[in-house]
Structures are given as C-alpha cells and as structure tokens.
1. From the list Ile72, Ile92, Ile46, which residue is modelled with pLDDT of 95 or more, of a type in the set (Val, Ile, Thr) and surrounded by fewer than 19 Cβ atoms within 10 Å (Cβ to Cβ)?
2. Which residues, taken from the range 212-253, are among the aromatic types (Phe, Trp, Tyr) and either touching a His at 6+ places or on another chain (Cβ under 7 Å) or modelled with pLDDT of 95 or more (or both)?
3. Does Ser271 count as touching a Ser or Thr at 6+ places or on another chain (Cβ under 6 Å) and either surrounded by fewer than 20 Cβ atoms within 10 Å (Cβ to Cβ) or modelled with pLDDT of 95 or more (or both)?
4. State all residues of the range 171-185 that are assigned to a helix (DSSP H, G or I) and among the hydroxyl-bearing types (Ser, Thr, Tyr); if no residue qualifies, say none.
5. Give Phe51, Phe31 a once-over and let me know the one that is buried (at least 17 other Cβ atoms within 10 Å of the Cβ) and out of contact with any His (no Cβ under 6 Å at 6 or more places or on another chain).
6. Name the pairs: first residue in the range 1-20 and under 13 Å from Ile239 (Cα atoms), second residue among the β-branched types (Val, Ile, Thr) and at pLDDT 95 or above, Cβ to Cβ under 7 Å, at least 6 apart or on different chains?
7. Collect the residues in the range 24-71 that are among the aromatic types (Phe, Trp, Tyr) and either part of a helix (DSSP H, G or I) or closer than 20 Å to Phe85 by Cβ (or both), keeping them in residue-number order.
8. When the range 244-286 is examined, which residues are found to be touching a residue at least 40 places away in the same chain (Cβ under 8 Å) and either in contact with a Lys or Arg (Cβ under 8 Å, 6 or more places away or on another chain) or not in a helix (DSSP H, G or I) (or both)?
Amino acid sequence: MKPTRGASLILTSAFFYATYGIWSRIMGNAFGEFSQAWTRGLVLLIFILIFNFKYKIFKPLQKRDLPWLAIIGLAGGINQAPYYFGFQHLSIGTATLLFYAALVVGGYLLGKIFFKEQITGIKIVSLVLAIVGMASIYHFQLLPSQFLAAGMTIISGLLGSITVIIPRKLVGNYPEFQVMVSYFSLQIIFNGVLSILFHNSIPHISNITPWIGQLAYAIAMLFANWAAIEGYKHYDASIGSLIGLAEIIFGVAFGVIIFHEPLTIGITLGSLIIISAAALPHLKLG
C-alpha cells in the first residue's frame, strides 16, 4: 500500500464528486431523476467499451472474484433509487447528513469486517467529530413519518462505501474501468426500468445545455470513481472515508465561489471540524 498516493487519490475523487452539484444545476429539470442516471451510465459504459476495444485493458476474470464483482455491481446499480427516495422525502440538510454519516460508518465497518482494520479510540473520536462537523453545516430534522426515507438514505450511503472499498477484495489486478463496467451496466438496467415506470423525461438533443451538463457529470463520475477505487487500494478504509468528507468542503467552496452562496459561521466551523477529524488519526500515527 502507498498511503500518500491513496490519500491524494481519495482527495481527488472528493473534488470530482463535489462537482456533481454544479453539473446538476446546469442540467436543471430537463432529465428525470432516473433517466439522467441510466443515460449517464450508458454514455460511460460505451466509452469504457470503446476504450477497451482500442487498448485491450480488460483482464480475464477469476472465478473467485465474480461474487465480489456482483456485490460491487449491485451496490452501484441500485444506489440511485434509495438516494432519490431519501432526498425527495427529507430536507436537503437531513438527507445529506444521513448519507455522508452512513458513508463514513460504512467505511469503518467494511474496513473492520473485510480487512481486519482496527477501530481505535482515536478513530472513534474522529468519527464523532466528523458527524458533529456535518451537523454544524447541515440542519437536521426528522419526523416519525420520515423514518423510511431516512433508512433509504442510510442504505444509499452504505452502498456508496461498498462500491469504492470492496474492490480491494478482488484478487485479479483489474483496471478500474473494468470494475466500473459492473455497476454502470446495472445502473442502466435498474434506472432504465424505473425511468419507464415513472415516465421520466429526456431532453431533446437540440436542447444542448442539459446535455453539456450531463456530459460533464459523466466525465466527473468517471474520474471520481477511478480515483476512489484506486485510492482505497492504498489506504485504510476508515480513515480514507474521513478524508473523503473533503467532498463536503469542496462542495461548500463551489457554492460560495460559483453560486455566491453565503458562508456562514456554522459552515466555516463545520468545515474546520471535518478537517480536524480527518487529520486526527494521522497526528496520532505520527
């Protein structure tokens, strides 16, 4: 493992993940929630297959890797539905807090269960600090009628952690693009079906602006997932998930710089606490 490379790549993935909000705003409401997912998955799958056709990067699959690839594919493929349900029925702040908290807790659990990582006292303190930092940024409010939506959002966060951490279990040294094929394929199938059921719209090709946003979103997703999968190969899953929270800070920065959103004391304090949470295990290890 190469921790410096791993941390750098996880930070890179956080940067690209944070740009999703920019591209979503450019896309507006031209796409339905599920139609934007399956069309993006289709664009990425076609690109990867063409790339492999030209450069022959794919490697033969080993039988013992098939169950892990199936898990990765399912996690990435069905992730969109519970995520969408949660954000439709919860406030943005509550949904975001639950999603990222589940993402970090998922990193801790997967690291412990599958990679025998130690959950030390300092890691627990860092986890608590990270949640406090997120709570300082996002307003939390949950009613009894929203428990199902909260559960779906938490599931979505856990699924997200599976897609980037479980690839470490693969025995074959597959390129990241080959791993992505599993969940882009299922992303197309699951979201395509849901798109039909919910009568999602797709903008006409002449409506160029949302398609530009969609293409930029797809490029960001490709780089973000590549960097995350490669980064977690070289880094402790639990601490890496804390570093991944830099996505929130990048997102705040984009909001302030590009969309002129206010930078409140709560956002500033929360960002500093999140940075401290990610730094704390490294200070201890040092």
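1. So the residue among Ile72, Ile92, Ile46 that is modelled with pLDDT of 95 or more, of a type in the set (Val, Ile, Thr) and surrounded by fewer than 19 Cβ atoms within 10 Å (Cβ to Cβ) is Ile46.
2. Tyr217, Phe223, Trp226, Tyr232, Phe250
3. When the stated conditions are applied, Ser271 does not pass them.
4. Result: Ser182, Tyr183, Ser185.
5. Phe31
6. Ala7/Ile243; Ile10/Ile243; Leu11/Ile243
7. Phe31, Phe34, Trp38, Phe47, Phe51, Phe53, Tyr55, Trp68, listed by residue number.
8. Passing the criteria: Gly244, Leu245, Phe259, Pro281.
The values are calculated or read from the model by the stated rules, or taken from the named source; none is laboratory data. Quick caveat: nothing in here was measured; it's all calculated off a predicted structure. For neighbour counting, all protein chains shown are included, and Cβ atoms are generated from backbone atoms with ideal geometry for every residue, glycine included.
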